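Supplied in structure tokens, the structure appears directly below.
Readers should treat all values here as calculations from the given coordinates under stated rules, not as data from a laboratory. Quick caveat, the model's predicted, so the values are computed rather than measured. All Cβ positions, even for glycine, are placed from backbone atoms using ideal geometry, and neighbour counts span all protein chains on display.
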Amino acid sequence: MRTNQLSACVATLAVVLSPAVMLSIRGGTGYCFFVIFALALAYLVKAEHRRRAAALFREHRLFVLGLIAMPAAILFQIAVFRSSTFPALDPFLRLALVVPSFFYLGSLACRQLRLVQWGFVAGALGAGTWAIYAHFHPAVWVDPNRLGNSFINPIPFGDTALLLGFLSIVSITRGKPARILEVAIKIAAFLLGGYASYLSGSRGGWIAVPLLVWTTVGGRHWLAGRRARITLGCAIVVFLVALGSTSIVRERVDAVVSDVTELQQGNIDTSVGLRLELWRASALLYLRQPAFGVGRGRLDEALNELAQRAEAPRSIVNSGAHSDFFSTLSQMGTVGVAALLLLYVGTFTPFWRNRLSADGEIATASYLGLAVVGSTIIFGLTIDALTLVMSAAFFALNVATLLAWIEARKREIGAVDNSNTLKLERPPRTILVACPRRIGDVLLVTPLVRSMKTQWPEAMIDMIVFRGTEGALEHNPDLRRVISVAQHVPLRERIADAARIWRRYDLACAATDSDRALIYTWLAGRKRIGLVNADRVKWFARVMLHRIALDRQLQAHVVSNTLELARLVGVTPRGEVVAPGIGPDPERRVQFEARFNAPPAVLPGQPMAVLHLRPMHKYKQWTVDDWAATIRWLRAHGFAVALCGGPVQAERAYAGQVVVTAGEPVLNLVGELTLGETAEMIRRAKIFIGPDTGTTHVAAACGTLTIALFGPTDPVRWGPWPCNWPVGEQPWARRGSGLHGNVYLLQGESNCVPCRQEGCGRHTESTSDCLTGLPASRVIAVAALLLGIQAPTQAKIVDISR
């Protein structure tokens with residue numbers, strides 16, 4: 001225990017010292033980097049720690065892959081083409097070596113990791129103190145006109161000082177009042193860091209100021225008012241105007257204007273002209289070796305060859321292209337550019353998706369991470385920001401520390417998977433719920449819609465579904481509109497669908513774990529939440545959504561999982577599945593009533609049983625003979641039997657076969673009714689019997705006594721949700737038959753049930769022995785039990801739940 005505490009203290013000290021000594025001690029950041037790396041290797045010796053590291057990797061795959069992509073690409077160049085050099089690999093190796101450090105830092109306590117902010121403050125104070133000293137002692141200036149120090153030239157010195165200064169004030173915690181002394185020290189550090197950058201004259205780094213200002217003010221509650229934003233904007237403009245009038249800024253801007261003028265006159269021998277020529281030559285080298293470039297560390301040789309052929313001026317021969325992008329483009333080609341972009345996206349994404357966290361500390365660490373990554377990207381536009389070993393180590397260790405801080409804070413407050421409540425400024429007026437799946441999926445999302453409509457009665461809620469499934473929402477009183485889209489359409493139509501919903505909704509919900517639902521949600525919503533598979537959380541889902549709910553597919557019913565989305569926005573979940581209907585139109589109701597005047601199938605006052613015979617897929621299908629036996633028993637006990645189903649020819653043919661085999665008068669309405677009319681018919685029925693299909697879910701929602709015939713399907717997730725079933729309880733066990741609410745789930749008796757496979761042949765047109773072997777006598781016995789009729793003596797109810 002003491003050893004662990006000691007190593008944690010040493011790691012904390014190294015985390016703080018790394019940015020603190022960046023600009024004051026040669027190699028200081030590197031020493032801190034390798035101290036933490038050594039502690040990480042010792043930490044990963046234990047199997048338990050490796051399991052924790054694996055969990056952290058699964059959570060942040062994109063982040064880890066982004067860090068290792070560049071060094072992996074350079075190693076490939078060395079091993080396969082022998083075009084890169086090991087010295088060129090050295091700085092980028094820091095990116096890969098920080099991965100085990102990230103796993104180790106993720107195990108530290110939040111109170112230790114948050115101290116990194118004081119490392120930023122110390123670094124900025126140190127840079128500013130050096131700038132003040134140098135101002136009064138010109139002899140220490142390495143460059144007579146621009147401030148640097150003995151081991152860093154003015155450009156990276158100024159860029160890093162600027163970043164450290166801004167990080168000092170970005171670190172002022174959001175969500176709670178900061179102490180006056182803390183604010184004063186951090187503002188002083190910001191001013192001193194900015195002063196050091198000002199004396200360095202690093203005009204390329206100043207381009208990052210707008211981003212750094214945004215990270216400073218982002219997430220501040222006091223900026224919610226328009227007056228505060230206007231005041232801040234005016235203050236920034238006044239500050240920039242005053243800064244622009246100073247001699248150093250004027251000189252640097254005048255130098256750019258002069259260089260451009262010289263360039264227009266044909267003189268490239270200026271700072272801007274030579275840089276543009278260097279970039280042109282880099283692009284030329286890429287065109288000649290587009291896949292892998294000339295090799296990392298070989299740029300000066302390649303430029304020299306161009307100069308010898310008079311294709312580039314000799315004055316641009318250099319080991320770097322003064323731009324991370326152009327250096328990578330020329331030396332590593334398309335593969336290198338892809339690795340660089342992966343580095344940028346992989347390190348930027350986790351901070352971006354956590355920036356809106358309701359927890360002030362997580363939001364602060366996120367904006368710090370965005371400042372580090374974003375400024376590094378911008379600095380890299382005009383210098384080789386990552387080719388310096390100290391800069392690469394600084395970048396890698398700080399992004400790892402800040403993301404570890406976020407994870408530690410989540411662990412501390414119990415905010416798992418970023419699924420804490422999304423704070424809305426006001427109740428949403430427009431909501432889109434996306435469920436591009438099958439009819440049953442669409443129907444089982446209606447409890448979420450009902451919950452939101454009950455909580456926000458003024459909200460206008462739309463649903464977007466696949467064409468052909470909108471019948472599940474027919475005359476749903478909670479919806480304003482149903483948007484139906486084709487499942488397979490040309491690109492032009494998809495673009496039109498996207499334009500139709502682009503950012504038109506205050507809140508959008510991906511109510512099912514599908515890429516299509518995710519895309520519609522991202523297109524439509526200004527605020528976005530979604531359901532994602534708990535076993536496979538997609539990185540782009542975290543990017544596109546503000547909050548996610550985990551779909552624990554094997555552990556809970558789809559209704560329960562979907563209602564987790566309600567909790568994300570502070571809505572009380574209600575487990576009411578809303579069945580479709582036919583509406584109040586009198587003429588339509590008269591036409592509907594006329595369908596039941598068909599003696600001898602239906603007689604006045606006769607109780608009715610509704611049967612849905614054929615599901616979409618054969619592996620969920622019962623047998624013709626068993627259906628016929630059930631119909632004969634119902635007719636023998638005075639029931640009118642009505643058949644429902646879809647318009648597909650296969651369903652009509654199957655129903656006709658059952659009717660012929662039964663030899664009894666039956667009201668065959670297969671393919672004749674809409675889903676709303678089917679629901680209305682089921683409401684009038686005494687009992688409904690059907691397989692695992694969308695109509696069975698409708699019957700359960702209507703409150704009618706329902707017998708659901710289940711075989712390979714897992715009832716834990718897909719069993720019919722009984723009418724008015726309480727939200728907090730799961731209605732079905734994985735194995736067993738029984739009555740819950742108005743639904744009797746009758747499961748096949750095979751030992752493999754439920755196998756969760758597509759039949760015994762493992763394809764949709766195969767059969768399932770657990771269903772084909774389910775005798776009609778079992779169904780009849782259950783129906784008799786539910787209807788209060790004496791069951792045949794040879795039949796018995798088999799309950800395999802015991």
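Based on the alpha carbon coordinates of region 604-787, what radius of gyration and maximum Cα-Cα distance (Dmax) apply, in Å?
Reported Rg and Dmax, both Å: 15.2, 46.
Going through region 284-356, which trypsin sites (Lys or Arg not before Pro) have at most 15 other Cβ atoms within 10 Å and a DSSP loop state?
Arg309
Whole Å is fine, so just give me how far the alpha carbon centre of region 259-291 lies from that of region 332-369.
A separation of 31 Å, based on Cα centres.
Okay, next question. Report, to one decimal in Å, the Kirkwood hydrodynamic radius for region 361-516 based on all distinct Cα pairs.
19.3
Give me the orientation-averaged projected area of the Cα convex hull of region 134-210, in nm², one decimal.
Result: a mean projected hull area of 5.9 nm².
Continuing with the same structure: Given (1) 56.9; (2) 36.4; (3) 42.9 as candidate values of mean projected area of the Cα convex hull in nm², which corresponds to the one derived from the coordinates?
Of the labelled values, this structure produces (3).
Another question, then. Starting from the amide H of Ile483, placed 1.01 Å from N in the peptide plane, find each other amide H under 5 Å away whose residue is 5 or more places distant or on another chain.
Amide H to amide H, under 5 Å and 5 or more residues apart or across chains, Ile483 pairs with Met463, Ile464, Val465.
Of Lys453/Lys620; Lys186/Lys410; Lys46/Lys410; Lys538/Lys620, which ones are farther than 27 Å apart at the Cα?
Distance filter (> 27 Å) returns Lys453/Lys620; Lys538/Lys620.
Something else: Quick one: Karplus J couplings for region 76-85, per residue in order, coefficients 6.51, -1.76, 1.60, θ = phi - 60°, nearest Hz, x for Gly and Pro?
For region 76-85, the Karplus-derived couplings read 5, 4, 5, 6, 9, 9, 6, 9, 8, 10 Hz, x marking Gly and Pro.
Simple spin-label model, 7 Å along Cα-to-Cβ: Gln757 to Leu786 in nm?
Label at Gln757, label at Leu786, 2.9 nm between them.
Further question on the same structure: Can you give me the long-range amide H partners of Gly201? Hydrogens built in the peptide plane at 1.01 Å from N, cutoff under 5 Å, separation of 5 or more residues or another chain.
Leu147
Ok, one more. So for region 2-413, what are the equivalent ellipsoid semi-axes in whole Å, largest first, each being the square root of 5 times an eigenvalue of the Cα gyration tensor?
34, 29, 19
If you take the charge dipole of the chain about its Cα centre, with +1 on Lys and Arg Cβ and -1 on Asp and Glu Cβ, which of Leu397, Ala339, Val272 is farthest toward its positive end?
Farthest towards the positive pole: Leu397.
If you don't mind, there's one more thing I want to ask. May I ask you to give the average projected area over all directions of the convex hull of the Cα atoms of region 430-568, in nm² rounded to one decimal?
Convex hull of Cα atoms, orientation-averaged projection: 7.8 nm².
What list of ³J(HN,Hα) couplings, whole Hz, do you get for region 27-42 from phi and the Karplus terms 6.51, -1.76, 1.60, once you set θ to phi - 60° and write x for glycine and proline?
x, x, 5, x, 4, 4, 4, 7, 4, 5, 4, 5, 5, 5, 4, 5
Using θ = phi - 60° and the Karplus relation 6.51 cos²θ - 1.76 cosθ + 1.60, list the HN-Hα couplings for region 545-559 in order, rounded to whole Hz, with x at every Gly or Pro.
These are the phi-based 3J(HN,Hα) values: 10, 7, 9, 10, 10, 8, 8, 8, 4, 8, 10, 8, 5, 4, 5 Hz.
Continuing with the same structure: Return the long-range amide H neighbours of Asp692 (sequence gap of 5 or more, or a different chain), with a cut-off of under 5 Å between placed amide H atoms.
So Asp692 has HN proximity to Leu709.
Please report the orientation-averaged projected area of region 641-684, defined via the convex hull of its C-alpha atoms, in nm².
About 2.9 nm², averaged over all directions.
Can you work out the FRET efficiency for the pair Ala358 and Trp502, with r the C-beta to C-beta distance and R0 = 25 Å, to the nearest 0.05?
E between Ala358 and Trp502, to the nearest 0.05, is 0.40.
Can you give the calculated 222 nm mean residue ellipticity of the chain, where each DSSP H run of n ≥ 4 adds -39,500 (n - 2.57) and the sum is split over every residue, rounded to the nearest 500 deg cm²/dmol?
After summing the helix terms and dividing by the residues of the chain, the value is -17000 deg cm²/dmol.
Taking the Cα of Arg588, stepping 7 Å toward and past its beta carbon, and measuring to each backbone N in region 594-626: which are under 19 Å?
Answer for this model: 594-596.
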